[in-house]
């Protein structure tokens, strides 16, 4: 479903590029369609249209690539999400130079504040995704903190062990991926539902096997992995 949505977004941007840049339908551009004739006379509509067209083609390509590759569990979906926010902001800032209508101080402050808030939000999301989860045993559950964190009831755990390999990731169903960092719910070969908290490529991995799904964890430093395994030993039914 995610791939279909990204494909529709890509096609939509192609349509926007065609209508604005090729067919010169500048009235479709926000700000131009509400401007008076006097204000439009102070705008370089052709340059604005080309900027919007370039933005649309760029986003169409990024979303198309993400639609074709998002199942691999890589970073393409996150990149597309960030691009769909940042590139329009950059374009809005760029086309302001093609509008010689006088801007009030309030409009300038509002535009700058909006851009700053979006950039901070994307930055926080990126840093939260990259931050390693903290694993603890609290009460009757194993708790995995952070973005897409999870609480695993100890009563549902069948085994906890260290393994060297991970089944092939076939689909991301509710998670995030930035390079080798994978967090959240995924589908694997042999497991239609699995939870991954991975921070580097390759093993070893901690595997928490439950009645219904596996949970795989690794860390950038193997020392953290083995210390986490020590913490989990109290929840291991085999022990």
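The values are calculated or read from the model by the stated rules, or taken from the named source; none is laboratory data. Note that the structure is a prediction, hence the values are computed from the model and not measured. Cβ sites come from the backbone with ideal geometry, for glycine too, and all protein chains shown count toward neighbours.
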- Query: Has the stretch 199-216 got any residue that is closer than 23 Å to residue 80 by Cα, modelled with pLDDT of 90 or more, assigned to a strand (DSSP E or B) and within 20 Å of the chain's Cα centre (by Cα)?
  - Reply: no
- Query: If you go through the stretch 123-153 one residue at a time, how many are closer than 15 Å to residue 211 by Cα and surrounded by fewer than 16 Cβ atoms within 10 Å (Cβ to Cβ)?
  - Reply: 2
- Query: Out of the stretch 142-198, which residues are under 11 Å from residue 216 (Cα atoms) and touching a helix residue (DSSP H, G or I) at 6+ places or on another chain (Cβ under 8 Å)?
  - Reply: 160, 162, 183
- Out of all the residues in the stretch 20-51, which are part of a helix (DSSP H, G or I), buried (at least 17 other Cβ atoms within 10 Å of the Cβ) and over 26 Å from the mean Cα position of the chain (by Cα)? 20, 21, 26, 45, 48, 49
- Failed condition for residue 170, given (1) at pLDDT below 90; (2) over 17 Å from the mean Cα position of the chain (by Cα); (3) in a loop (DSSP other than H, G, I, E, B); (4) surrounded by 13 or more Cβ atoms within 10 Å (Cβ to Cβ): (3)
- Message: Is it the case, given these coordinates, that residue 196 is touching a strand residue (DSSP E or B) at 6+ places or on another chain (Cβ under 9 Å), part of a helix (DSSP H, G or I) and within 23 Å of residue 127 (Cβ to Cβ)?
- Response: no
